Amino acid sequence: MYGDKILKGEPYSFIEPYEGPARKFCVRHPPKQSDLTTNEAAAEAYRAQEHLESEWEDCSDATGLIAAAEAIAQQAVQLCEEKLASMEEYHFTPDNSEVAQQLDELKTNLEEFSGRCDSVKDDIEQNYNSETEQWVQEQLDELKDSLEVPM
């Protein structure tokens, strides 16, 4: 991970962003998407996504996982709204800017995903028992596959 000690002679990778210092990574911990951006808001969103992906792999609490996914989607919607508001100050709107249009589509997809999270969470809470574990996993897989990012 970023900051791990790299021993003399050990292979490593590094990135040199346009702004900010160069970063070195040992071969055991290659850089993640959150390490490759200098925008703190984007890095925070990527870290949340990376955390959710790692949690998704060894899921033991389906409703907790879905609640986390829903919270991250809502956080991303808020970031989209903030960026769209910032762009509107410079008269860039979804009607006249391709980037603003893509951002607006992303916000819509995230809002729909958040709604699906809530619905699936309710279904699982009402129907979960030891015999429905396969069904729960199918619900989680379907939910994970449903998030489309237009960028």
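Just so you know, all these numbers are worked out from the coordinates, no wet-lab data involved. Being a predicted model, the structure only gives us computed values, none of them experimental. Cβ coordinates were reconstructed from backbone atoms using ideal geometry, including for glycine residues, and neighbour counts include every protein chain displayed.
Summed over qualifying helices (DSSP H, 4 residues or more, each -39500 (n - 2.57)) and divided by its residue number, the chain shows a 222 nm mean residue ellipticity of -21000 deg cm²/dmol.
Note on S13, S97: ascending count of other Cβ atoms within 10 Å places them as S13, S97, the fewest first. Comparing P31, P94, P21 in a Gaussian network model of the chain, where Cα atoms under 10 Å apart are tied by springs, the biggest mean-square fluctuation is seen for P21. The fraction of Cα-Cα pairs per 10 angstrom bin, counted from 0 for the chain, comes to 10, 30, 27, 22, 10, 1 percent, rounded to whole percents. Answer with one residue from F92, A42, A76: the one whose Cα lies farthest towards the positive end of the charge dipole of the chain, charges on Cβ with Lys, Arg +1 and Asp, Glu -1. Checked the options; the winner is A42. Exceedance of the 28 Å cut-off in Cα-Cα distance is limited, within the set K24/K144; K5/K83; K24/K83; K32/K107, to K24/K144; K5/K83; K24/K83. Counting only Cβ charges, +1 for Lys and Arg and -1 for Asp and Glu, the dipole size of the chain around its Cα centre is about 1060 debye.
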